[in-house]
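Working notes, structure below.
The values are calculated or read from the model by the stated rules, or taken from the named source; none is laboratory data. These numbers come from a predicted model, not from an experiment. All Cβ positions, glycine included, derive from the backbone under ideal geometry; neighbour counts span all protein chains shown. Note: accessible area is taken over every heavy atom of the protein model, side chains too, but ligands, DNA and RNA are not part of it. Shrake-Rupley method; radii C 1.70, N 1.55, O 1.52, S 1.80 Å.
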Amino acid sequence: MSEFKKLAGLTGMKDTLPPESSRWQQLEALVQQWLAAYGYQNMRTPVLEHTRLFTRGIGEVTDIVEKEMYSFVDPLNNERLTMRPEFTAGIVRSAIEHNFLYDRPRRIYAMGPVFRHERPQRGRYRQFHQIDVEALGFSGPDVDAELIIMLARLWRMLGLNDIRLELNSLGQATERAAHRAALIEHLERHIDVLDEEARRRMHSNPLRVLDTKNPVMQEMANAAPRLFDFLGPESRAHYAGLCARLDDAGISYTLNPRLVRGLDYYNLTVFEWVTDRLGAQGTVCGGGRYDGLIELLGGKPAPAVGFAIGMERLLDLWQQDAPQEASAECQVYMVHQGDAGQRQVVRLAEALRDAGLQVLVHAGSTGFKSQFRRADASGAAVAIIVGEDELSSGCATVKWLRARQDDTPTQQESVAFAQLVDYLKQRI
Ligand code: HAM
């Protein structure tokens, strides 16, 4: 026995094993097809970035920066680093660094793990995965609408039900400043109902105070001045432009004036897609416009808009609406007897793979019975058997393990080794 104590994985960081992993792969393939249909191109940025990228980009007074980042000092060169808690800041950093917006705007996506030290529960993990989409260098509501129309298509492709769109406009900095002053006044008037966190944030990030789940503060939050009422004509026109295009596309939405999002970089359009079918963590996708971020991170000013989908939540919903069918490990399972049989089967298997079939060769030398059990468990459509008889006749025995697509009765047949590829290609 090893002295090594068995170790478990980290809290809130999941392993994904087969067959669940094949569902992930299906989703990834579908998502790539979906993004290509709109001309979005893939960008890959590192998991680790300088901590100050996120503190600056996402904002000092946000949950993510205040308490959720996996940050450490790299002892090899004393740099403060953070494992990305989102993609947007890294993508913007990279676009600036590589002059990527120099000649034209860009449609970009990224997919992969992100890290936030939150209290784990269903739909909330410490390592989770996002599909992140960013339209860099576009200013109009047409692109905001494109992103939302695109998302509606993804939900359709996946057959998802009961997922609704909430919209808000956060206006521009001057409008937010006027609203902020009115809001702080309101909070000061109701200081007696504010909890400790709200009191701490009321001057640094008063909008977030309204995002509270504390029941005692609901009435105060409902009565607070609404940012939407402080919007000037241009911001209103942007919002109206977006709504008109969503109406054209037949996409319904509700204005949620309390929707503020948990990251500081947004202006004008913000949106979330939510469902009641995922328990407390019902937001499947969130995003919005961030026209100031590129400049804030040292680039030439350029507008941008984007969103991120939480893949775990999306998969949970997809599984409810379109449950995964049992997935097979292979199409063909090779059963054999004796050394010569095993070697013949390997040759046949390579030829079948050349023809594009998925083939598993039984490993080891167990009896036929246990090999058939394994063949059956593999989900293969057919077992190919090569034992002494088959070797001397030059024909493999073909045993169909499942009803065939062409509905011929399941049966056992003898097929010459040289014919096997053609025979199976026509029938699988
Ligand atoms: P976010 O709202 O922080 O936005 O995250 C986007 C999505 O990631 C959420 O709607 C949710 O589905 C998922 N998510 C967030 N936290 C967790 C968690 N702990 N466990 C599982 N899933 C989670 C952003 O990250 C922005 N960067 C989106 C964006 C892109 N805005 C503009 N461009």
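Tabulated results
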{"item": "Filter result (touching a residue at least 12 places away in the same chain (Cβ under 8 Å) and out of contact with any strand residue (DSSP E or B) (no Cβ under 7 Å at 6 or more places or on another chain)) within region 304-329", "result": "L315, D316, W318, Q319, Q320, D321, A322, Q324, A326, S327, A328"}
{"item": "Of all residues making up region 202-244, the number that are under 31 Å from the mean Cα position of the chain (by Cα) and in a helix (DSSP H, G or I)", "result": "14"}
{"item": "Where C330 falls short, out of the listed (1) open to solvent by 70 Å² or more (accessible area, probe 1.4 Å); (2) within 16 Å of R427 (Cβ to Cβ); (3) at pLDDT 95 or above", "result": "(1)"}
{"item": "Residue pairs meeting the criteria (Cβ under 7 Å; at least 6 apart or on separate chains; first open to solvent by 40 Å² or more (accessible area, probe 1.4 Å), in region 61-79; second assigned to a helix (DSSP H, G or I))", "result": "S71/T51"}
{"item": "Residues that are touching a Phe, Trp or Tyr at 6+ places or on another chain (Cβ under 6 Å), within 8 Å of the ligand (Cβ to nearest atom) and not in a loop (DSSP other than H, G, I, E, B), drawn from region 262-293", "result": "V284, C285, G287, G288"}
{"item": "Wholly enclosed strands (runs of 3 or more DSSP E) of region 327-428 bearing at least 2 residues more than 30 Å from R23 (Cβ to Cβ)", "result": "382-386, 395-400, 412-416"}
{"item": "Members of region 187-211 found to be surrounded by fewer than 18 Cβ atoms within 10 Å (Cβ to Cβ) and closer than 24 Å to L268 by Cβ, listed by number", "result": "S204, D211"}
{"item": "Number of the condition not met by R236 [criteria: (1) of a type in the set (K, R); (2) farther than 30 Å from P85 by Cβ; (3) outside the structural domain of R122 (by TED's automatic domain parsing)]", "result": "(3)"}
{"item": "Unique residue being open to solvent by less than 10 Å² (accessible area, probe 1.4 Å) and more than 10 Å from the ligand (Cβ to nearest atom) when the list is I58, I148", "result": "I148"}
{"item": "Residues of region 299-331 classified as out of contact with any helix residue (DSSP H, G or I) (no Cβ under 6 Å at 6 or more places or on another chain) and away from the ligand (no atom under 14 Å from the Cβ), total", "result": "12"}
{"item": "Members of region 282-310 found to be over 21 Å from E60 (Cα atoms) and open to solvent by 30 Å² or more (accessible area, probe 1.4 Å), listed by number", "result": "T283, K300, P301, P303"}
{"item": "Region 82-107, residues that are outside any loop (DSSP other than H, G, I, E, B), open to solvent by 20 Å² or more (accessible area, probe 1.4 Å) and touching a residue at least 12 places away in the same chain (Cβ under 8 Å)", "result": "M83, R93, I96, R106, R107"}
{"item": "Selection count, region 220-261, where residues are open to solvent by less than 50 Å² (accessible area, probe 1.4 Å), closer than 27 Å to I191 by Cβ and within 16 Å of the ligand (Cβ to nearest atom)", "result": "4"}
{"item": "Single residue of R124, R156 found to be open to solvent by 40 Å² or more (accessible area, probe 1.4 Å), at pLDDT 95 or above and in contact with an Asp or Glu (Cβ under 9 Å, 6 or more places away or on another chain)", "result": "R124"}
